[in-house]
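K.L.:
Here it is, the structure, as structure tokens.
The values are calculated or read from the model by the stated rules, or taken from the named source; none is laboratory data. All of these numbers come straight from a predicted model, not from anything done at the bench. When we count neighbours, we look across all protein chains shown, and the Cβ atoms used for this are built from the backbone with ideal geometry, even at glycine. Ligands, DNA and RNA are excluded from the accessible area calculation, which covers all protein heavy atoms including side chains. Shrake-Rupley method; radii C 1.70, N 1.55, O 1.52, S 1.80 Å.
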Amino acid sequence: MNYAEAGGLARMALRGRLYSLPAVSTVSRRTATEPGARSPSSGHESLLLRAYRGEAVERVPVWFMRQAGRSLPEYRAIRKRADLLEICRTPDLAAEVTLLPIRRLGVDAAILFSDITLPLAAAGIDLEIVAGVGPVIADPIRSAADLGRLRPFDPAADAPYVAEAVRLAVAELDVPLIGFAGGPFTLASYLIEGGPSKAHTHTRRLMYGEPLLWRRLLEALAEIAVASLRAQVAAGAQAVQVFESWAGALSPDSYREFVLPAAQRIFSGIADLGVPRVHFGVGTGELLPLMATAGADVVGVDWRLPLGVARKRLGGEIPVQGNLDPAICLAPWEVVAQHVDTVLDGGGGRGHVFNLGHGVAPETDPDILRRVVERVHEHGVSRRIAAPARPDPPGD
Ligand code: 1CP
């Protein structure tokens, strides 16, 4: 039996087991804490973790950012009964939503169902996630006095349901669970703007105009991320991703001066845990050389750069994750398939985890995502996987 067949059988077995779970919110609380429960380390030899470490793999692993919510009908059904933060605060539900894409799409990793702004709410910020808008903060943070409202985050006391959701999900998973946190610039933007923003004008004004206050805010946000990620890993998450989604709003010089130190603090603050650390942002083509110095093991790349070029900008050594344009998944299948192959070829096999260049668009047909996974599984056995050297793209 070749690897692809073995993988297919394993996946069928996994799907069979997961499909046999009742539909919603029935993950047993007991299962996760029983001594016989599957150990969180069971996925250590998984494709995902090996690819994140830059080791040779039999095929390219694949998962999707924002795979757990958004486009899945099962998720929408759950959302009719509970709002987003309620799901996050109810471990059975959060674990259940985390498992949905594993069942339906056959991806090689799960990502915890939560939100990057949840630790802020748990650390004293009056925050609501408004349907169709995103996180909205009643009283934005724009002064030293405002900063006092952001207290340190103690995951065990402030958000024990997160660790419980991780334990419940991990007990059911045969693939690694990825924990995550918001990057300091991205979280600062929500706190300062009071909600989603395209221009991040208040944020940049404060950054340039009140650099000391900015630094204190970013240090506080870095500590929140470290605490949150450490708690998720202690509960069983086997890799972590820092979503610095909006860092692309900055020039390289501004990123270096105002954000990089906090990013470095996050990655050094979790280095001893030994789990792969992914650093992702959107529109970060010009920031990649700096992001390579933040201390992550893997850098996520959006769809604006060919992966070969991204690798070169990253110095050629760091594994990459990405980078299919999420909008391509809205096109006819033949178009999608062609672009999947282009990403796989550009990724060069080794040290590549297939993903979208940003989150799944809500209107995506989950069946297209399932076919993308199948295609990556079939075609992601790169000729170059066994080759020691990564491709060296011509020019930049
Ligand atoms: O797969 C998953 O969906 C896992 C859970 C998850 C993750 C990884 C959610 C649930 N949010 C996130 C991360 C997140 N949240 C990011 C980083 C990823 C990215 O860049 O897309 C960001 C920026 C947020 C903030 C946020 N939360 C937004 C974006 C608003 C903006 O500024 O444009 C939105 C719309 C939310 C709400 C939210 N969080 C999660 C879901 C599924 C939703 C959609 C709303 C809902 O279903 O009610």
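K.L.:
Which one of these is touching a residue at least 12 places away in the same chain (Cβ under 8 Å), among the acidic types (Asp, Glu) and touching a Pro at 6+ places or on another chain (Cβ under 9 Å): Asp297, Asp341, Asp302, Asp325?
P.N.:
Result of the check over Asp297, Asp341, Asp302, Asp325: Asp297.
K.L.:
Note down all Cβ pairs under 8 Å where the first residue falls in the stretch 223-236 and is farther than 13 Å from Ile266 by Cβ, the second is part of a helix (DSSP H, G or I) and at pLDDT below 95, and they're at least six residues apart or on different chains.
P.N.:
Ala235/Pro40; Gly236/Pro40
K.L.:
Can you tell me which of Glu58, Glu74 is surrounded by fewer than 23 Cβ atoms within 10 Å (Cβ to Cβ), in contact with a helix residue (DSSP H, G or I) (Cβ under 6 Å, 6 or more places away or on another chain) and in a helix (DSSP H, G or I)?
P.N.:
The conditions single out Glu74.
K.L.:
Suppose the filter is in contact with a strand residue (DSSP E or B) (Cβ under 7 Å, 6 or more places away or on another chain) and either in a helix (DSSP H, G or I) or of a type outside the set (S, T, N, Q) (or both); does Ile87 pass it?
P.N.:
Taking the combined requirement at face value, the residue does not satisfy it.
K.L.:
Failed condition for Asp83, given (1) surrounded by fewer than 21 Cβ atoms within 10 Å (Cβ to Cβ); (2) within 9 Å of the ligand (Cβ to nearest atom); (3) within 17 Å of the chain's Cα centre (by Cα), with all others met?
P.N.:
Here Asp83 clears every test but (3).
K.L.:
Additional query: For residues that are more than 17 Å from the chain's Cα centre (by Cα), of a type outside the set (Ser, Thr, Tyr) and either open to solvent by less than 50 Å² (accessible area, probe 1.4 Å) or on the phi > 0 side of the Ramachandran plot (or both), tally how many sit in the stretch 253-270.
P.N.:
Of the residues in the stretch 253-270, 5 are more than 17 Å from the chain's Cα centre (by Cα), of a type outside the set (Ser, Thr, Tyr) and either open to solvent by less than 50 Å² (accessible area, probe 1.4 Å) or on the phi > 0 side of the Ramachandran plot (or both).
K.L.:
Something else: Checking Leu118 against (1) over 20 Å from Glu223 (Cβ atoms); (2) open to solvent by less than 10 Å² (accessible area, probe 1.4 Å); (3) within 9 Å of the ligand (Cβ to nearest atom), only one condition comes out false. Which one?
P.N.:
The number of the failed condition is (1).
K.L.:
Could you check, for the stretch 199-213, whether at least one of its residues is within 15 Å of the ligand (Cβ to nearest atom), of a type in the set (A, V, I, L, M) and modelled with pLDDT of 95 or more?
P.N.:
There is at least one residue in the stretch 199-213 that is within 15 Å of the ligand (Cβ to nearest atom), of a type in the set (A, V, I, L, M) and modelled with pLDDT of 95 or more.
K.L.:
Under 9 Å between Cβ atoms, which residue pairs at least 6 apart in sequence (or on different chains) link something in the stretch 265-281 that is under 26 Å from Asn323 (Cβ atoms) with a partner that is among the hydroxyl-bearing types (Ser, Thr, Tyr)?
P.N.:
Matching pairs, first to second residue: Val275/Tyr52; Pro276/Tyr52; Arg277/Tyr52; Val278/Tyr52; Phe280/Ser245; Gly281/Thr186; Gly281/Ser245.
K.L.:
Let me ask something additional. Within the stretch 319-339, does at least one residue satisfy the condition of being modelled with pLDDT under 95 and open to solvent by 10 Å² or more (accessible area, probe 1.4 Å)?
P.N.:
No, the stretch 319-339 contains no residue that is modelled with pLDDT under 95 and open to solvent by 10 Å² or more (accessible area, probe 1.4 Å).
K.L.:
Something else now. Among the residues of the stretch 279-300, which ones are within 15 Å of the ligand (Cβ to nearest atom), surrounded by fewer than 24 Cβ atoms within 10 Å (Cβ to Cβ) and β-branched (Val, Ile, Thr)?
P.N.:
Val282
K.L.:
Still on this structure: When both residues are 6+ apart or on different chains and their Cβ atoms are under 7 Å apart, which pairs have a first residue that lies in the stretch 180-209 and is closer than 13 Å to Val136 by Cα, and a second that is open to solvent by 40 Å² or more (accessible area, probe 1.4 Å)?
P.N.:
Ser189/Trp246; Ile192/Arg142; Ile192/His202; Glu193/His202; Gly194/Val136; Gly195/Val133; Gly195/Val136; Pro196/Val133
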